[in-house]
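For reference, the structure is listed below as structure tokens.
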């Protein structure tokens, strides 16, 4: 999706020095991929109405022109996750003042022209620019014309513009056109190929992951997506006297046909409950699953309860996550 970048990227600039013929990128967020942040979407490389990421997967959507780096929930966002310059350059333009409010169908059209939300565009010379979208209101820390160094803080991840969850939408632009930093120069619709623009130290960290577990934990009753997003679900600490014990996960990047199983085990390793969902009818950006049991007479036994979440894709394991809780009186 083109997130209203044209009004930011297309500004007339002062003459800028040529820092590099090509560009090498740092991670534009101060978090750890796979632990405290996750890649939700890549650039859509298919010019047709179909969609395809650089590995011919479905971790993208129609006309998506960048990389979405997502944090787990609003608790992480409110604690503050810095957005940093991916390379040396000069700030070309900024936008501030857009509120941090998740978009709804009722508000989508109204804010579509400022879909990028609070944002910064940096010019790196030789036709290279980077754009940073959806930053928190009041967090933009730089102004137009200022030179910045790679790794320098320019704002914080927020919920401004066209977004339903806190993340950074990061776009790399060459000569006015978005390019894929994971496969620069690769032919359209190719699987793999091209050149990675990320610095060498990030190559393993940014290896393609076809889905991941964003949140996991245990609750003492029903779990909702809202409770997971707000962080309330993960703040719960069930005890042996809780009315129920419910294991839950929220996964991202699931594909049509994926089969999910979430099993809860007692301290002896015996299954207490299992939720095996039917195959997904289509790709899902995110999906919640839970499995649990009511409190037995006399309460739950103290001890370590475990849960295992598995996703099978085309008959093969795709995602597996184990987690546990030590129940105490």
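The values are calculated or read from the model by the stated rules, or taken from the named source; none is laboratory data. None of these values were measured; they are calculated from a predicted model. Ideal geometry is used to build each Cβ from the backbone, glycine not excepted, and the neighbour counts take in all protein chains shown.
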Would you confirm whether or not the range 262-285 contains a residue that is closer than 27 Å to residue 37 by Cβ and touching a helix residue (DSSP H, G or I) at 6+ places or on another chain (Cβ under 9 Å)?
no
Flag if residue 53 is surrounded by 15 or more Cβ atoms within 10 Å (Cβ to Cβ) and closer than 20 Å to residue 181 by Cβ:
yes
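So that you can scan it fast, the table gives a plain yes or no per residue for (1) more than 17 Å from the chain's Cα centre (by Cα); (2) in the same structural domain as residue 216 (by TED's automatic domain parsing); (3) without any contact (Cβ under 8 Å) to a residue 24 or more places away in the chain:
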{"position": "48", "(1), (2), (3)": "yes, no, yes"}
{"position": "54", "(1), (2), (3)": "no, no, no"}
{"position": "65", "(1), (2), (3)": "no, no, no"}
{"position": "74", "(1), (2), (3)": "no, no, no"}
{"position": "84", "(1), (2), (3)": "no, no, no"}
{"position": "117", "(1), (2), (3)": "no, no, no"}
{"position": "128", "(1), (2), (3)": "yes, no, no"}
State yes or no: is residue 125 modelled with pLDDT of 95 or more and loosely packed, with under 15 Cβ neighbours inside 10 Å?
no
Out of the range 260-285, which residues are part of a strand (DSSP E or B) and more than 21 Å from residue 56 (Cβ to Cβ)?
260, 261, 262, 263, 264, 265, 271, 272, 273, 274, 275, 276
Hey, can you tell me all the residues within the range 179-212 that are touching a strand residue (DSSP E or B) at 6+ places or on another chain (Cβ under 9 Å), farther than 26 Å from residue 287 by Cα and not in a loop (DSSP other than H, G, I, E, B)?
179, 184, 195, 198, 202
Criterion (under 17 Å from residue 40 (Cα atoms) and either surrounded by fewer than 20 Cβ atoms within 10 Å (Cβ to Cβ) or touching a residue at least 60 places away in the same chain (Cβ under 8 Å) (or both)) met by exactly one of 192, 211, 221
211
Quick check: is even one residue across the range 132-139 at pLDDT below 95, over 25 Å from residue 215 (Cβ atoms) and either touching a strand residue (DSSP E or B) at 6+ places or on another chain (Cβ under 9 Å) or surrounded by 23 or more Cβ atoms within 10 Å (Cβ to Cβ) (or both)?
no
Looking at the range 243-253, can you tell me whether even one residue there is touching a residue at least 12 places away in the same chain (Cβ under 8 Å) and part of a loop (DSSP other than H, G, I, E, B)?
yes
Looking only at the range 291-323, count how many residues are part of a strand (DSSP E or B), closer than 30 Å to residue 62 by Cα and in contact (Cβ under 8 Å) with a residue 12 or more places away in the chain.
9
Any residue that is crowded, with 19+ Cβ neighbours inside 10 Å, closer than 24 Å to residue 184 by Cα and touching a strand residue (DSSP E or B) at 6+ places or on another chain (Cβ under 7 Å) - is there at least one of those in the range 93-115?
no
Check the range 71-79 and report whether any residue there is touching a strand residue (DSSP E or B) at 6+ places or on another chain (Cβ under 7 Å), more than 25 Å from residue 179 (Cβ to Cβ) and not in a loop (DSSP other than H, G, I, E, B).
yes
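Go through the range 235-254 and give me each residue that's buried (at least 19 other Cβ atoms within 10 Å of the Cβ) and touching a strand residue (DSSP E or B) at 6+ places or on another chain (Cβ under 7 Å). Lay out the reasoning, then the answer.
We begin by selecting, within the range 235-254, every residue buried (at least 19 other Cβ atoms within 10 Å of the Cβ); these are 238, 242, 245-254.
Matches in the range 235-254: 238, 245, 246, 247, 248, 249, 250, 251, 252, 253, 254.
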Could you say whether any residue in the range 45-65 is in contact with a strand residue (DSSP E or B) (Cβ under 7 Å, 6 or more places away or on another chain) and assigned to a strand (DSSP E or B)?
no
